[in-house]
Amino acid sequence: MAFLARALRQSNSRLSSRCPAVAASCRWISPTAAAGSPEAGAAVAPADPEMPPPREPVGGARVELPPNPEDALEVFVDGHTVRIPKGFTVLQACEVAGVDIPRFCYHSRLSIAGNCRMCLVEVEKSPKPVASCAMPALPGMKIKTNTPVAKKAREGVMEFLLMNHPLDCPICDQGGECDLQDQSMAFGADRGRFTEMKRSVVDKNLGPLVKTVMTRCIQCTRCVRFATEVAGVQDLGMLGRGSGEEIGTYVEKLMTSELSGNVIDICPVGALTSKPFAFKARNWELKGTETIDVTDAVGSNIRVDSRGPEVMRIVPRINEDINEEWISDKTRFCYDGLKRQRLNDPMIRGPDGRFKAVTWRDALTVVAEVLHQVKPEEITGVAGKLSDAESMMALKDFVNRMGSDKVLCEGNGPNPPADLRSNYLMNTGIAGLEKADVFLLVGTQPRVEAAMVNARIQKTVRATQAKVGYIGPPADFNYDHEHLGTGPQTLVEIAEGQHPFCSALQSAKNPVIIAGAGLFEREDQDALFSRIETIAKKFNVTRPDWNGLNVLLLHAAQAAALDLGLVANPAESIKSAKFLYLMGADDISLDKLPEDAFVVYQGHHGDKAVYRANVILPSSAFSEKEGTYENTEGCTQWTIPAVPTVGDARDDWKIIRALSEVAGAQLPYNSLSAVRDRISTVAPNLLHVDERELPTISSEVKPPAKQQMSSAPFKTVVENFYMTDAITRASKIMAQCSATLLKK
Amino acid sequence: MLPPAARLAARRLLGICSSSASEAAVSRLAPFPIAAASARGPVSSARPFSTALNYHIDSPENKPDMKWEFSEANMKKVKDILSHYPSNYKQSGIIPLLDLAQQQHGGWVPVAAMDAIAKIVEVAPIRVYEVATFYTMFNRTKVGKYHLLVCGTTPCMIRGSREIEDTLLEHLGVKRNEVTSDGLFSVGEMECMGCCVNAPMIAVADYSKGSEGYTYNYYEDLTPKRVIEIVEMLRRGETPPRGTQHPERKNSGPAGGNTTLHGEPKPPPCRDLDAC
């Protein structure tokens, strides 16, 4: 009996110890039991302890639901309700729900391939896991992303991907920013089951910018799609089949796109990496500085990655209105020019013709002395193409205080249309070009002048079959275009309605005319622009709701210079100059400069103009200073210093401020904010950072031009895409590119 | 080379045949001597498919800057092929055009031909290269006038296709995918061509008469002896009878005539629906 009693007691205690747990687990697992009671309304479900709280969308993305509620649908991601617009994929729905789906081949800006299978998720009532990137979300779909089925599917895919992927992460440049590395931490097995030989693939030569290690390739085809869809250069393809499949060009060929560097960013593994950056640094050693690019007038948003005092690389930042997430090769690879040919000490040319390093005090004293010996009207100031608005403001104020009004910015031509902002800006906006259906390019080759603008035009042409007409010298285009003519004669024909292209313009809903800033250099530019305006009026290019009349500027400084009024005639100013102050201006013609003129060169690179300079004042480059730049669409942006400046160089505006004090005409500002206060009285739009100030007055108030139009054909403005300014001319990588990639 | 599992399977099957089945059954199953799969020596390092490499290497007869165009007669065929597709989907014609170009160019497509096709169908050349490298029946390096393709899939392999291939290679004195010095023959491997009932088999692509006289014939039920005879007949310019080479078989029927299905086959029994 005692035995029985003991056994009963034991079982009892076991029972009693188990029962609460069972009850608790019941409460945990099935909350519906509690919800079943009449008091518990709909409010019970969100307070459910099992369900994690809803998450924020991935990357803080905002989803704009269409105004019509019928165009939106509701899906359930891991039990949470998400409202998304129609046409979203399952993967996008998950992103809205805050669930990051692993992926390799999917890229939001490229077409969907669906071949990596990494984004598999479980969908209720679907017999198999679903590739979420290619599956459109359907109303009421119940998507599960963290179930054992989904996890196992991803683990399986990962094992297959790692099967042929070399284990060379320690010597791979992608290490630390590799999608495969990151995702194998989440889904990779701790050991491999693969005992055969790994496959190996011959490396391809894609030119001086992109390094290939094709054995690492996982065949996501992002680069193939990028080359075809964004760069518009169909060089890359997927060759072979099965385990012999590889990315290549078949016939050996360099990648000749001006956007080729972007394949480095989109490659999820280390198959395509940066050749100049190879084995230079690891990404976790680098300090990122979010700044903008100044090598063209687009002002692409970039991140300058630096280690200590050295710029190691440049990568793009996302800005939907300007560069999306691409940058041109010139922007990406010009950085080694920042380390070469730099001016680091003030220097004076001695009687023997050699430069001698001196102190700032001596240099400024010499300049001030010479400045007082010349007549005020013989003083000329020239701002270079990389100048920021602050230094141009200081230069203008200084030269004006010395009694001269001859201040100009290179590239603006003899008589720039500076009176109305709409006459020198891209009024449609870079992103606005996507709405256009007919383009008329006058004297501009956007592919070399502003690669990112060209990428937008290419995107539009590809998406909507927009027509492109081009007037200018024969040029390379990466989209379908009609070459209408080479000179102003064609403009006349279009203005008079005799040209066959007129019918395209006539039927266009949103026509766009883009005139190149190269036309500013022509003597007859007033007549040309009035003819372009005639065309604009005739074909309804400028309407209250659409301004399609654009000017595509060439240089980063140009828009701000025109805003600030640096508009003197270069030929006359140079001819009469006895004291020439070049602020980074290297491309202005000094042929007409009098022999006895005194030239001060203030800049960061020993480039063309240094040969003529008497005094050199070293200044800092765009990566080393804070400056305001206005891009071709009128968007004001700041550069942020990423690295310390070299040697004894100073910011441009500070040098001029110091010189003004030595010369006895002190400028009334001592800080950057004070300079900006001064700018606000001249061009307040330059203070509205990251905003596009639209021109308010239309071009109709312009007086009619009385000039005669010459019949000289338009000229090519940018001969070498890779070398356009002092920084890129000093760059070794850009020199290699010009040698290998430019067509002879 | 084929996966080791297949070879293992072949060996197993052989073992089963020799040990358990009666002599008569074996002789019916295998009328010809079967070479032991394991007897085969190390496989040549050449790629098993007709594709040599997935990239182009310049050679005197294959350069991108050479001129290549369809002949006058074939240009008519090109127009006919393209007429099958909508004018905005000309690229659908890439495969038939590559085939035509291969027939015209003696069994292989040079890069120049692919470029010419790209121009005709208005796509970038790389899109044609992608197709040509994907399909193993497009030869991108030179082949012989008679391109002999040995089936290497499991049924043929079990029935001795390895030996057939070895015999061919030895008789012609070439390696796989290599052309004989007289330019007449080359030997390649193919995957299943659907003749398993008459295994082993080879397919002979005859490019000796251009795209007009182009033939693509199967020679089935081969023995090493017979395959040499076929090669010699081809060398003499004769046309060996295509199909099964077994003296007693007709098409894919059993040796010595039908053993079953002598009369009209009975129709299948049907349920009397009214009775239900």
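The values are calculated or read from the model by the stated rules, or taken from the named source; none is laboratory data. Predicted, not measured: the structure shown is a model, and the values here were computed from it. No Cβ is skipped: glycine too gets one built from the backbone with ideal geometry, and neighbour counts run over all protein chains shown. Surface accessibility is based on the protein's heavy atoms, side chains included, excluding ligands, DNA and RNA. Shrake-Rupley method; radii C 1.70, N 1.55, O 1.52, S 1.80 Å.
I'd like to verify a number: residues in the range B:190-227 that are among the aromatic types (F, W, Y) and closer than 22 Å to B:K142 by Cβ, how many? Break it down into steps so the answer makes sense when it comes.
Going through the range B:190-227, the residues among the aromatic types (F, W, Y) turn out to be B:207, B:214, B:216, B:218-219.
Pick out the ones that are also closer than 22 Å to B:K142 by Cβ and you get B:207, B:214, B:216.
Selection size over the range B:190-227: 3.
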- prompt: Here are some residues: A:V399, A:V370. Which one is in the same structural domain as A:R678 (by TED's automatic domain parsing) and open to solvent by 10 Å² or more (accessible area, probe 1.4 Å)?
  reply: A:V370
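When the residues of the range B:72-114 are filtered to those that are hydrophobic (A, V, I, L, M, F, W, C) and in contact (Cβ under 8 Å) with a residue 40 or more places away in the chain, which remaining residue is surrounded by the most Cβ atoms within 10 Å (Cβ to Cβ)?
In the first step, residues of the range B:72-114 are kept if they are hydrophobic (A, V, I, L, M, F, W, C); the result is B:73, B:75, B:78, B:81-82, B:94-95, B:97-98, B:100-101, B:108-109, B:111-114.
Retained after the next criterion (residues that are in contact (Cβ under 8 Å) with a residue 40 or more places away in the chain): B:73, B:78, B:95, B:98, B:100, B:111-113.
Details: B:A73: 11, B:V78: 20, B:I95: 18, B:L98: 20, B:L100: 23, B:V111: 22, B:A112: 18, B:A113: 25.
Filtering first and then ranking leaves B:A113.
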field: Among (1) in contact with an Asp or Glu (Cβ under 9 Å, 6 or more places away or on another chain); (2) assigned to a loop (DSSP other than H, G, I, E, B); (3) open to solvent by 50 Å² or more (accessible area, probe 1.4 Å), the one test that B:R176 misses
entry: (3)
message: Residue pairs, Cβ under 8 Å, 6 or more apart or interchain, first in the range B:55-70 and at the interface with chain A (Cβ under 9 Å from one of its Cβ atoms), second open to solvent by 100 Å² or more (accessible area, probe 1.4 Å). List them.
response: B:Y55/A:E252; B:H56/A:E252
- prompt: Out of (1) farther than 28 Å from A:A585 by Cβ; (2) away from chain B (no Cβ under 14 Å); (3) surrounded by 19 or more Cβ atoms within 10 Å (Cβ to Cβ), the odd one out for A:D321 is which?
  reply: (3)
task: Inspect all residues belonging to the range B:196-206 and state whether any of them is away from every other protein chain (no Cβ under 14 Å), in contact with a Cys (Cβ under 8 Å, 6 or more places away or on another chain), open to solvent by 40 Å² or more (accessible area, probe 1.4 Å) and outside any loop (DSSP other than H, G, I, E, B).
output: yes
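To keep it simple, each residue is scored yes or no on (1) without any contact (Cβ under 8 Å) to a residue 12 or more places away in the chain; (2) surrounded by fewer than 20 Cβ atoms within 10 Å (Cβ to Cβ); (3) of a type outside the set (F, W, Y).
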residue: A:K406; (1), (2), (3): no, no, yes
residue: A:G413; (1), (2), (3): no, no, yes
residue: A:Y424; (1), (2), (3): no, no, no
residue: A:N427; (1), (2), (3): no, no, yes
residue: A:Q445; (1), (2), (3): no, no, yes
residue: A:T464; (1), (2), (3): no, yes, yes
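Assess whether B:E165 counts as being open to solvent by 60 Å² or more (accessible area, probe 1.4 Å) and not in a strand (DSSP E or B).
Working: open to solvent by 60 Å² or more (accessible area, probe 1.4 Å): no; not in a strand (DSSP E or B): yes.
So B:E165 fails the test.
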- request: Give B:V131, B:V109 a once-over and let me know the one that is in a loop (DSSP other than H, G, I, E, B) and within 14 Å of chain A (Cβ to nearest Cβ).
  value: B:V109
message: Restricting to the range A:236-271, and then to whatever is closer than 30 Å to A:A450 by Cβ and acidic (D, E), can you tell me which residue is farthest from the other protein chains (Cβ to nearest Cβ)?
response: A:D265
- prompt: Picking from A:V75, A:V96, which residue would you name as being under 28 Å from A:A463 (Cα atoms), outside the structural domain of A:I266 (by TED's automatic domain parsing) and within 35 Å of the chain's Cα centre (by Cα)?
  reply: A:V96
query: If you check A:G176, A:G140, which single one turns out to be in a loop (DSSP other than H, G, I, E, B), in contact with an Asp or Glu (Cβ under 8 Å, 6 or more places away or on another chain) and at pLDDT below 95?
result: A:G140
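Please state which one of B:I126, B:I94, B:I81 is in contact with a Phe, Trp or Tyr (Cβ under 9 Å, 6 or more places away or on another chain) and assigned to a helix (DSSP H, G or I).
B:I126
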message: Exactly one of these conditions fails for B:F138: (1) at pLDDT 95 or above; (2) within 14 Å of another protein chain (Cβ to nearest Cβ). Give me its number.
response: (1)
field: Within the range A:143-173, tally of residues that are buried (at least 18 other Cβ atoms within 10 Å of the Cβ), of a type in the set (V, I, T) and assigned to a helix (DSSP H, G or I)
entry: 1
All positions within the range A:669-694 that are touching a residue at least 40 places away in the same chain (Cβ under 8 Å) and open to solvent by 40 Å² or more (accessible area, probe 1.4 Å): A:R678, A:V682, A:L687, A:H688, A:V689, A:D690, A:E691, A:R692, A:E693, A:L694
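Look through A:Q666, A:Q602 and report the one residue that is open to solvent by 10 Å² or more (accessible area, probe 1.4 Å), in the same structural domain as A:F398 (by TED's automatic domain parsing) and polar (S, T, N, Q). Break it down into steps so the answer makes sense when it comes.
Working: A:Q602 fails: open to solvent by 10 Å² or more (accessible area, probe 1.4 Å).
The match here is A:Q666.
From the list A:D607, A:D563, A:D651, A:D587, which residue is among the charged types (D, E, K, R) and either buried (at least 24 other Cβ atoms within 10 Å of the Cβ) or without any contact (Cβ under 8 Å) to a residue 40 or more places away in the chain (or both)?
Details: A:D607 fails: either buried (at least 24 other Cβ atoms within 10 Å of the Cβ) or without any contact (Cβ under 8 Å) to a residue 40 or more places away in the chain (or both); A:D651 fails: either buried (at least 24 other Cβ atoms within 10 Å of the Cβ) or without any contact (Cβ under 8 Å) to a residue 40 or more places away in the chain (or both); A:D587 fails: either buried (at least 24 other Cβ atoms within 10 Å of the Cβ) or without any contact (Cβ under 8 Å) to a residue 40 or more places away in the chain (or both).
Of A:D607, A:D563, A:D651, A:D587, the one residue that is among the charged types (D, E, K, R) and either buried (at least 24 other Cβ atoms within 10 Å of the Cβ) or without any contact (Cβ under 8 Å) to a residue 40 or more places away in the chain (or both) is A:D563.
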- request: Using the structure shown, decide if A:P136 is over 24 Å from A:R241 (Cα atoms), in contact (Cβ under 8 Å) with a residue 24 or more places away in the chain and crowded, with 21+ Cβ neighbours inside 10 Å.
  value: no
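With assigned to a helix (DSSP H, G or I), of a type outside the set (D, E) and more than 24 Å from the chain's Cα centre (by Cα) as the only criterion, which of A:L364, A:L338, A:L408 stands out?
Details: A:L338 fails: more than 24 Å from the chain's Cα centre (by Cα); A:L408 fails: assigned to a helix (DSSP H, G or I).
None of the other options fit; the residue is A:L364.
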- prompt: If you check B:I117 against the conditions, is it within 14 Å of chain A (Cβ to nearest Cβ), open to solvent by less than 20 Å² (accessible area, probe 1.4 Å) and either in contact (Cβ under 8 Å) with a residue 12 or more places away in the chain or of a type in the set (G, A, S) (or both)?
  reply: yes
In the range A:282-307, the residues that are open to solvent by 10 Å² or more (accessible area, probe 1.4 Å), assigned to a loop (DSSP other than H, G, I, E, B) and touching a strand residue (DSSP E or B) at 6+ places or on another chain (Cβ under 8 Å): A:L286
query: Mind checking whether some residue in the range A:567-579 is buried (at least 24 other Cβ atoms within 10 Å of the Cβ) and in contact with a Gly (Cβ under 6 Å, 6 or more places away or on another chain)?
result: no
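Quick check on A:D419: is it open to solvent by less than 10 Å² (accessible area, probe 1.4 Å) and of a type in the set (D, E, K, R)? Even if it seems obvious, please write down each step before you answer.
Details: open to solvent by less than 10 Å² (accessible area, probe 1.4 Å): no; of a type in the set (D, E, K, R): yes.
Here the answer is no, as A:D419 does not meet what is asked.
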